Ligand SMILES: Cc1cc2nc3c(=O)[nH]c(=O)nc-3n(C[C@H](O)[C@H](O)[C@H](O)COP(=O)(O)O)c2cc1C
């Protein structure tokens, strides 16, 4: 996750900090975490078919950008995909539901990338149940190319405010084949309120918020050392850090001016939403969650292809006691009794944004060869 330049400008409130000296100015132009973004350039640059498909799969959306996937290459054609439980999010995702959805996004990109190369994936999901791998996958000749693959490198989570204009109706109907689209303005207003309240609960519930604070990466050096979690980078945010106006301590302190400004910025962006997309499922098994992930990434790729921006707003879907009332309300609004709302996201016309960091593929390979 990376905060945008626009958000940043509102945070510094008038440019007191930025580039106070020529040296600082020059320093700040070097703040793009090139190494952490390199996996986006290296996707596809592998000779081995499984590695080539994996190089796209690691670009999948996933909660808190934890990238919990580990791949084991066995023999000539087998891939065993594990989820690294050391990367769990026990506060915001106590039942690993969202992490499993992220694995579904990963498996779908893997499938699409393999199909581009003429491979069909024969997958066995959770062959040993909850304790073992997420999937054992055999690469066999076949597979049909998927037009949505064209948008894998352009898909990013956009946390900015979106333009104040409705989504064209033909675009809405295309997306309706992927998800439930909420665009009725009364319903949208109710969701804006609910999602914002849920965000406020998350950010002011100390034990939950600290999970995110611990995963924040402040500036290029931290992002490159740990290219996962919540990246706070770029010249503007780094100028704030240089000026002592943005720090881990401030983010952990609900009374700090910087924390309050941050909350304000998030509220503004979340309110700049004219539509939402929703994915529900009848069951809530691990394979239902994997399917929801596959559907979510396909939806996001389709939206990207149609020139739309998206951001999941998952707070009200989270399963800790302080969120229970909002979890119930969102289910009442968006799902039939017994169904689970797996994903809820903002949808709209947004500005162009940068990619988020990834660990190099080689660091996600288990020593199984
Ligand atoms: C299950 C799931 C839940 C997510 N929830 C949120 C969320 O509540 N807020 C948010 O800004 N991003 C959320 N994301 C997006 C991730 O933070 C994002 O995919 C990750 O940081 C990588 O960035 P990218 O999508 O730009 O590649 C979620 C993603 C998934 C798969």
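Computed values, structure above
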| quantity | calculated |
| --- | --- |
| Selected residue (criterion: nearest to residue 160 (Cα to Cα)) from residues of region 245-269 that are in contact with a helix residue (DSSP H, G or I) (Cβ under 9 Å, 6 or more places away or on another chain) and part of a loop (DSSP other than H, G, I, E, B) | 246 |
| Single residue of region 242-252 satisfying the filter (in contact with a strand residue (DSSP E or B) (Cβ under 9 Å, 6 or more places away or on another chain) and crowded, with 19+ Cβ neighbours inside 10 Å) that is farthest from residue 87 (Cα to Cα) | 246 |
| Matching entry among 134, 152 (being in contact (Cβ under 8 Å) with a residue 12 or more places away in the chain and under 30 Å from residue 323 (Cα atoms)) | 134 |
| Helices (runs of 4 or more DSSP H) lying entirely in region 21-85 (those with 1 or more residues that are touching a strand residue (DSSP E or B) at 6+ places or on another chain (Cβ under 8 Å) and more than 21 Å from residue 222 (Cα to Cα)) | 49-57 |
| Options 31, 35, 83, 97; residue that is in contact with a helix residue (DSSP H, G or I) (Cβ under 6 Å, 6 or more places away or on another chain), within 30 Å of residue 239 (Cα to Cα) and modelled with pLDDT of 95 or more | 35 |
| Matching entry among 79, 153, 110, 148 (being surrounded by fewer than 17 Cβ atoms within 10 Å (Cβ to Cβ) and either closer than 23 Å to residue 44 by Cβ or away from the ligand (no atom under 14 Å from the Cβ) (or both)) | 153 |
| Flag for residue 89 being within 11 Å of the ligand (Cβ to nearest atom), over 19 Å from residue 296 (Cα atoms), outside any strand (DSSP E or B) and touching a residue at least 24 places away in the same chain (Cβ under 8 Å) | yes |
| Residue 170 being without any contact (Cβ under 8 Å) to a residue 24 or more places away in the chain, out of contact with any strand residue (DSSP E or B) (no Cβ under 8 Å at 6 or more places or on another chain) and in the same structural domain as residue 317 (by TED's automatic domain parsing) | yes |
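The values are calculated or read from the model by the stated rules, or taken from the named source; none is laboratory data. From a predicted model like this one, the values you see are computed outputs, not experimental measurements. Virtual Cβ from ideal backbone geometry, glycine too; neighbours counted across all protein chains shown.
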